[in-house]
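These notes concern the structure reproduced below.
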């Protein structure tokens, strides 16, 4: 039986989408057993004028060469801004060569990006979402966003992210060594939108309440700026900047933490949050985006409003003060994440989308929404 050839298109730089692509690549054998063959095409960012020239001179011809190898479905992984426009070029090329197309929306900021788009930019986004054979979102928030903007894709599916390596690490991992001092784990970009300022304020509140806990930050950003902000809040001595970590180093870091906190102002899904849950950590996040799919309030963790450091401190304080609650939530988080976002469950959702598109043949105008 002929396999369905799917070409995934996404960024080569580190980040959430790249992590998703690596997860998919690691499961290529499982997909091949189901009749799906993967290829991957990496794109470059547009940070400089030279990048645009390189994109046009090298990426576009290279992409055309990929399509000429018999691609059935082009799966375009999209964030916002430059990512949209790069993928639009590839989208048009794919349609011209009669490949089926999937637009996979990863960014929690996409709704805001679309609302601010005007003129040709707005038309590009609409053509992407309405012209694609399928649109995939990573959480319920994506569907709500599309409905709010009255955008009706031909076919829409929700496929959450997965974290196979974290699953495997938990199975093979030895018991964590007791820490001299408990710490709160954070994994992500060190930015205001990730709630860094809120987290530092919350840590200051916790210290005033008698909680001596470290905040360990794994991620890239303006470290000196945030080091100064931590000092300004009186917590500079208990905030540690680890830089970018990956693989088993990251999983050991998460496993040994007291809890995971991600007070984002926007969050489409949150792969780091999923990894923390799979490794048995209770979660404190914000009541928005993918957290609403990931975290069961009061069961696997707590959700608070964004930009509310007092509530953030309250919830973190509960988990620091009551180890029994923290352990119970950590176990529940692992079970919940494994059941809904385990590798097998997510693989089946991808395969279903690909098989549905292949079986439909040509065009299809009726709206199809399946979760």
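The values are calculated or read from the model by the stated rules, or taken from the named source; none is laboratory data. Note that this is a predicted model, so its numbers are computed, not measured. Cβ sites come from the backbone with ideal geometry, for glycine too, and all protein chains shown count toward neighbours.
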- Message: Condition first: within 23 Å of residue 189 (Cβ to Cβ) and either crowded, with 18+ Cβ neighbours inside 10 Å or assigned by TED's automatic domain parsing to the domain that holds residue 359 (or both). Can you find one or more residues in the stretch 57-76 that meet it?
- Response: yes
- Message: Please pick out the residue among 192, 128, 203 that is surrounded by 21 or more Cβ atoms within 10 Å (Cβ to Cβ) and closer than 28 Å to residue 249 by Cβ.
- Response: 203
- In the stretch 349-371, which residues are modelled with pLDDT under 95, over 19 Å from residue 143 (Cβ atoms) and surrounded by 14 or more Cβ atoms within 10 Å (Cβ to Cβ)? 358, 360
- Right, residue 286: under 25 Å from residue 247 (Cβ atoms) and modelled with pLDDT of 95 or more or not? no
- So which residues in the stretch 256-269 are under 21 Å from residue 318 (Cβ atoms) and in contact with a helix residue (DSSP H, G or I) (Cβ under 8 Å, 6 or more places away or on another chain), if there are any at all? 257, 258, 259, 260, 261, 262, 263, 264
- Could you list all residues from the stretch 16-37 that are without any contact (Cβ under 8 Å) to a residue 60 or more places away in the chain and buried (at least 17 other Cβ atoms within 10 Å of the Cβ)? 21
- If you go through the stretch 124-169 one residue at a time, how many are assigned to a loop (DSSP other than H, G, I, E, B), within 25 Å of residue 335 (Cβ to Cβ) and out of contact with any helix residue (DSSP H, G or I) (no Cβ under 8 Å at 6 or more places or on another chain)? 1
- Note on the structure: Taking the stretch 170-192 and keeping residues modelled with pLDDT of 80 or more and part of a helix (DSSP H, G or I) leaves 192
- Task: Return yes or no: is residue 333 modelled with pLDDT under 95, surrounded by 18 or more Cβ atoms within 10 Å (Cβ to Cβ), part of a helix (DSSP H, G or I) and under 21 Å from the mean Cα position of the chain (by Cα)?
- Result: no
- What is the residue count in the stretch 311-348 for residues that are without any contact (Cβ under 8 Å) to a residue 24 or more places away in the chain and touching a helix residue (DSSP H, G or I) at 6+ places or on another chain (Cβ under 6 Å)? 0
- Task: Sort through 285, 289 and tell me the only one that's surrounded by 24 or more Cβ atoms within 10 Å (Cβ to Cβ) and on the phi > 0 side of the Ramachandran plot.
- Result: 289
